[in-house]
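Written below as structure tokens is the structure these notes are about.
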């Protein structure tokens, strides 16, 4: 799918009814997923099985909500999945990419538009200044998601270019990694053919 949104939020929003039922941390993640779904609902590539999907790795969630540990985020996502509040699937066509994608179940509504909800001091806290930013992957993250990739060479190459593709800031490092692997296969093909002819 080649997509992720990181949201820099100065004020956290969540519904008190979600916090009362699932806990504050889970309520915050529910709102984060709903924001991601709103951002993706006009993108055909992010509509699978008749539903809108979004994804963030646990590390990316932690980059957004720095006050929540990665173990807390994992626990909350697992709880929301077990209680059938969210759906979790691996939708990337590349079998080596094990990134989880998220959507809401009908328990809360597949999409609960943020802009249609009245923000009041008694029910919610206000959200603002939501921005799309690119987060550079770690070498360890590259190795985990793309075992066949020369992670160090890939990371060094794009670090030297400021993580840009041409003159544009990179938006999706996973797509760049898949393209890198595809190019490597093309360049390796002639070598394999010559080796076969020499046998």
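The values are calculated or read from the model by the stated rules, or taken from the named source; none is laboratory data. The shown structure was predicted, so the numbers you read here are calculated from the model rather than taken from an experiment. Virtual Cβ from ideal backbone geometry, glycine too; neighbours counted across all protein chains shown.
Residue check: is residue 148 part of a loop (DSSP other than H, G, I, E, B), at pLDDT 85 or above and over 30 Å from residue 24 (Cα atoms)? Yes: the conditions hold for residue 148.
Scanning segment 63-87 for residues that are within 27 Å of residue 180 (Cβ to Cβ) and surrounded by fewer than 17 Cβ atoms within 10 Å (Cβ to Cβ) turns up 63, 70.
If you go through segment 153-188 one residue at a time, how many are part of a helix (DSSP H, G or I) and under 23 Å from residue 95 (Cβ atoms)? Walk me through it before giving the result.
Our first condition is that a residue be part of a helix (DSSP H, G or I); within segment 153-188, this holds for 153-160, 173-188.
Remaining after also requiring under 23 Å from residue 95 (Cβ atoms): 153-155, 173-188.
Selection size over segment 153-188: 19.
Within the option set 16, 105, 72, being farther than 24 Å from residue 141 by Cα and at pLDDT 85 or above holds for one residue only, 16. For segment 59-74, the candidate set comprises residues that are free of Cβ contacts under 8 Å to residues at least 40 places away in the same chain and more than 15 Å from residue 102 (Cα to Cα); within that set, the residue that is farthest from the chain's Cα centre (by Cα) is 67.
The set of residues in segment 30-50 that are touching a strand residue (DSSP E or B) at 6+ places or on another chain (Cβ under 9 Å), part of a helix (DSSP H, G or I) and under 30 Å from residue 20 (Cα atoms) comprises 30, 32, 33, 34, 35, 36, 37, 38, 39, 40.
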